[in-house]
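The values are calculated or read from the model by the stated rules, or taken from the named source; none is laboratory data. Predicted, not measured: the structure shown is a model, and the values here were computed from it. Here the Cβ positions follow ideal geometry from the backbone for every residue, glycine too, while neighbour counts run over all protein chains shown. Quick note on the areas: whole protein, heavy atoms, side chains included, nothing else; ligands and nucleic acids left out. Shrake-Rupley method; radii C 1.70, N 1.55, O 1.52, S 1.80 Å.
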Amino acid sequence: MALCGRREPLHMHSSLFGERMRLRAHPIIALAASLGLAACATTPSTDANDTTRRAAFASTYQPAASVPTLIRGATVFDGEGAELANADVLMQDGRIAAIGANLAVPEGAAVIDGAGRFVTPGIIDAHSHLGAYPSPGINATSDGNEATQPNTAEVWVEHSVWPQDPGFLRAVAGGITTLHILPGSANLFGGRGVTLRPVLDAVTVQEMKFPDAPQTLKMACGENPSRVYGGRNSSPATGMGNVAGYRQAWANAQRYARRLEAAENGDGEPPDRDLELETMAGVLNGEIRLQWHCYRADEMANAIEISHEFDFEIAAFHHAVESYKIADMLREEGICSAMWADWWGFKIEAYDGIRENIPFVHEAGACAIVHSDSEVGVQRLNQEAAKAMADGNRAGLDISRAEAWTWLSRNPARALGIENETGTLAAGRRADVVVWSADPLSSYAVAERVYMDGALVYERGAERDPPSDFELGQTYTERAQ
Amino acid sequence: MRMLSALVMALAIATPAAAQTVLINDGRVVTNGAAGIIENGDVLLVDGRISAVGANIAAPRGARVVEARGAFVTPGAFAAMSELGLSEISGSGAPNDADVDGDLVAAAMDSAAAFNPTVTAVAVTRIEGVTRAAIAPSSTNSMFGGRGALVSLDGQPDSVMRANAFMIVELGETGAARVGGSRAAMWPAFEAALRDAREYPTRYRSGQGGAVLNEIDAQALQPFARGQGMFLVHVESAADIRRIIRYQRANPSLRFAIHGGAEAWQVADELAAARIPVIVDPLVNLPSSFERLSARLDNAALLNAAGVTIAIAPAPGSVDAHQARLALQLAGNAVANGLPWDAAFAAISRTPAEIFGVGGQLGRLERNYLADVVIWDGDPLQVTSAPTAVFIEGVEQPLVSRQTRLRDRYRPTANR
């Protein structure tokens, strides 16, 4: 009950205000996944001599079949901040082959008329709970917060992801090609996040895992952990309790990491496996990227202090409603901010939200990301970027629409450690491409075609059965996609 | 300009400004009425009302002339459902008058008694072109959500336009959950409540008491149970909507409007025939609950095409105290999914006024309407647009809020 103060479960997460809604929902105890086979890139194999075994839970993602595709004569945002007029984009073998003028048509290529259309890199949502808080949202499906103790670094959100979530289709229809799924924010250490492809016919989450994407660790500042645990008369109950909780846990992880390293160097036995410390050791050695839910400027500054004390990197602050107050510090630290365009006021740590947060962070030269944290918002992140751009420009900045697009693809790719694979239309990158009906920094544009690894995975208006098994055979299956 | 606005605001807080005579010259005037959109139109504001709308209106002596230069000039937006003014902060254990946790009053809850025109969200919303709102608590213990109010967002002490404006009723999953977990219990409870209300005060004075309502709730519910006020009913599924239509047919004196209606497109013709308006959220397209399995993005367009009166606002569960300004984005998305622009703009201005019974005063730029007028820097349904001027009853509102003050405090230095 500590999460809600409500007498009944809210029956929906459908809202522009996802975090608010989740806070009101009942805390649902996620079942800890069976981890008997757990192993990952950060972990010494349980049988170091057996090189034929693939790592447990490894990606089995396979790009869908594709043909060489040339989009001709479109307005192109390259994801690096440049806009190209009347440009061609060529996708071949799942990769961007070229962008430019008057590209030759390879044999057998599909040619798409781009006249009047806009082409962008696929959108990357750096903060999603799709699959872990799927539709329909009922108690049994609310699977994203292992709110049983303040440190659950041992859980992996991918073990809560339901691949049949109808939200994945809606996300793709909004131009999403990559999603970073995170556990919730009830805990100081919420568990491992996962970077996914929204593969609409996937039956297993492994089929959705972005190949070789680093895992992440979710941490949380502020009101949520102290409310959840303070409400149970346990620690943390305060902001100072939060910080003590982080620091003691990192101290423990440092000791664990040192013993692991010593054992690898032939100095003593490795410690007994501890899944919680294993995750945190992965952050300390740089293999797991830290994603930290934090609203207030002063709390972000405290988090940065902790990162210096224990010598780890913070990839991004999430929600980061007050990043505009410390934008220079965030630039110096090289920390991204994953932000909403205009959410505010739903709790006291969001009280100082302003519409210019994203553009002010951008203007300072820090890494700005537009994120959703919402199964509704994820469907139109382009509109959120449009708002932020326009508000920044009204405040006297000069941000182009192609620059604004870096908040949707290149910068989130950077925060997730996949910037060499996706996020821009540079030659050699995965061909994650969206063809928009009009200027996508607009309320009226819709994604007409979405390509993932060069394969057409979504086409507006194409008749088809709903890809989610959940939606198949409902009384009314015809629905707008 | 911004500095000036700050000064204007300081003065405005000290003394409410008087309505000026203002001629807005040469705009793209969205009248929301028979005249449609007037290109190169003028709007004259006198004594807080629209005095004239048309081409080439002469400026009266002493009138202030605002050059619109082709910009959109529209009626103020009307938030068709909101918690505006009911809390400063929704969560964090802060006081929140939109969240009622008690059994003492239900139908009798009076939103007007809780509205505070000075909460910061009112100014935050006003500067985005929203000038009026229908407000009510979103979370209560009862199937009755209490009496909603209509408010002006001018921030002045007298800005409640109408109390007792409508009665919120939950008759879907939420209502069922509040009455024992089942519609099978909810509907008999609803009907019994209406009987209690109609028989107020007789059965209470006789000592018999109500079957399901206490005396104060019966008193508050009575005018609605007698058809003198509108029930705003939260339902989502086609099945629940059909129950409302049938119930109204059997009780033709009662007045209903629907809020939610995710599956309303499936019963669009019946709703049109029953003249039951629907307040829809054009972003609801997920089977987020079992009463929304057939939600789809073109719900608003399909309802409009069938002749249903629609307004656009966040769905139940998404209604909040801080983001009523997003009504314009919702309407723009309805356009992206097939709703004609004029109908979409009307659905956030004219039709809410009509549904809530103030359509003769608000929602149009026509002679004698209250002068709630907004001038925009672009298409108001585009997320990139914002007002350049907002008038409420002829009084120009400073485009200043706590958020703009924070923005100006932390604005990056120029030419960094």
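Descriptive notes on the structure:
- Whole-Hz ³J(HN,Hα) from phi, Karplus 6.51 cos²θ - 1.76 cosθ + 1.60, for the range A:457-466, glycine and proline x: 9, 8, 9, 4, x, 6, 6, 6, 5, x
- When chains B and A come together, the accessible area they lose, probed at 1.4 Å and totalled over both chains, is close to 5900 Å².
- Taking the protein heavy atoms of the range B:331-379 in the context of the full set of protein chains, the accessible area attributed to carbon and sulfur is 43 percent at 1.4 Å.
- Label-to-label distance for B:ALA34 and B:GLN156 is 3.1 nm, based on points extended 7 Å past Cα in the beta-carbon direction.
- Cross-link pairs A:LYS347/A:LYS387; A:LYS209/A:LYS325; A:LYS218/A:LYS347; A:LYS209/A:LYS347 - those with Cα-Cα distance over 24 Å: A:LYS209/A:LYS325; A:LYS209/A:LYS347
- Theoretical FRET efficiency, 1/(1+(r/R0)^6), r = Cβ-Cβ of A:GLN474 and A:THR148, R0 35 Å, to 0.05: 0.55
- Screening chain B for DSSP H helices whose Cα atoms reach 20 Å or more along their own axis and whose mean Kyte hydropathy is at least -1.0 gives B:183-198.
- Euclidean distance between Cα centres, the range A:182-228 to the range A:119-179, Å: 7 Å
- Annotation: for a label point projected 7 angstrom from Cα along Cα→Cβ of A:ALA65, residues of the range A:96-125 with backbone N closer than 19 Å are A:107-111.
- Taking amide H atoms as placed 1.01 Å from N in the peptide plane, the amide H of B:ILE258 lies under 5 Å from those of B:VAL233, B:VAL278, B:ILE279, each 5 or more residues away in sequence or on another chain.
- Each listed q (0.12, 0.14, 0.22 Å⁻¹) maps to a log10 I(q)/I(0) for the range A:180-244 from the Debye sum over equal C-alpha point scatterers, namely -0.42, -0.52, -0.80.
- Shape analysis of the range B:262-416 places it in the oblate category; the axes a ≥ b ≥ c from the Cα gyration tensor give an a/c of at least 1.5, with a/b not above b/c.
- Panel note: the C-alpha atoms of the range A:377-453, placed on their principal axes, show extents of 36, 26, 22 Å (largest first).
- Per-selection Rg to Rh, the range A:308-423 - Cα, Kirkwood hydrodynamic radius: 0.95
- Residues whose placed amide H lies under 5 Å from that of A:ALA56, excluding near-sequence neighbours: A:ALA39
- Extension gain, A:ASP298 to A:ASP398: 0.36 nm times the residue separation minus the Cα-Cα distance gives 33.2 nm.
- Convex hull volume of the range A:289-356 per residue (C-alpha atoms, cubic angstrom): 75 Å³
- With kT/(6 pi eta Rh) evaluated at 10 °C and eta = 1.306 mPa s, and Rh the Kirkwood radius from Cα pairs, the range A:100-144 diffuses with a coefficient of 105 µm²/s according to Stokes-Einstein.
- 16 Å reach of a label modelled at B:ASN141, 7 Å along Cα-to-Cβ, counting backbone N of the range B:168-210: B:177-181
- Residues whose amide H comes within less than 5 Å of that of A:HIS318, counting only those at least five positions distant or on another chain, are A:TRP292, A:HIS293, A:CYS294, A:ALA338 (H built at 1.01 Å from N in the peptide plane).
- Cβ-derived FRET efficiency at R0 56 Å, B:ARG226 paired with A:GLU83, nearest 0.05: 0.35
- Computed with a 1.4 Å probe over protein heavy atoms only, the accessible surface of the protein assembly as shown comes to 35 Å² per residue.
- For chain A, the calculated P(r), taken from all Cα-Cα distances in 20 Å bins from zero up to the bin holding the longest distance, is 25, 57, 18, 0 percent.
- For chain B, a Kirkwood hydrodynamic radius built from all Cα pairs, placed in the Stokes-Einstein relation at 10 °C and 1.306 mPa s, yields a translational diffusion coefficient of 72 µm²/s.
- Taking the accessible area of the range B:30-84, probe 1.4 Å, and keeping the other protein chains in place, the carbon and sulfur fraction comes to 47%.
- Taking label positions 7 Å along the Cα-Cβ direction at both B:GLN219 and B:ASP269, the computed distance is 4.8 nm, reported to one decimal.
- Annotation for the range B:273-311 versus the range B:235-259: alpha-carbon center distance of 14 Å.
- Modelled spin labels at A:ILE138 and A:GLU309, positioned 7 Å past Cα toward Cβ, are 4.5 nm from each other.
- Whole-Hz couplings from phi, Karplus 6.51/-1.76/1.60, listed for the range A:143-154; x for Gly and Pro: 10, x, 10, 7, 7, 10, 7, x, 10, 10, 4, 7
- Look at the Cα gyration tensor of the range B:165-309: its axes a ≥ b ≥ c give a/c of at least 1.5 with a/b over b/c, and that counts as prolate.
- Other residues with beta-carbon under 14 Å from the beta-carbon of B:ASN333 carry, at +1 per Lys or Arg and -1 per Asp or Glu, a net charge of 0.
- Eigen-decomposition of the gyration tensor built on the alpha-carbon atoms of the range B:180-229 gives equivalent ellipsoid semi-axes of 19, 14, 7 angstrom, largest listed first.
- Normalised by residue number, the volume inside the convex hull of the Cα atoms of the protein assembly as shown is 170 Å³ per residue.
- Cα-centred dipole magnitude for the range B:78-355, charges only on beta-carbon of K, R (+1) and D, E (-1), debye, nearest 20: 800 debye
- Each residue of the range A:433-438 was assigned a 3J(HN,Hα) from its phi angle through the Karplus expression (A = 6.51, B = -1.76, C = 1.60, θ = phi - 60°), giving 9, 10, 9, 9, 5, 7 Hz with x at Gly and Pro.
- Apportionment of accessible area to carbon and sulfur, chain A, percent (1.4 Å): 48 percent
- Computed about the Cα centre, the dipole magnitude for chain A is approximately 940 debye when only Lys and Arg (+1) and Asp and Glu (-1) carry charge, each at its Cβ.
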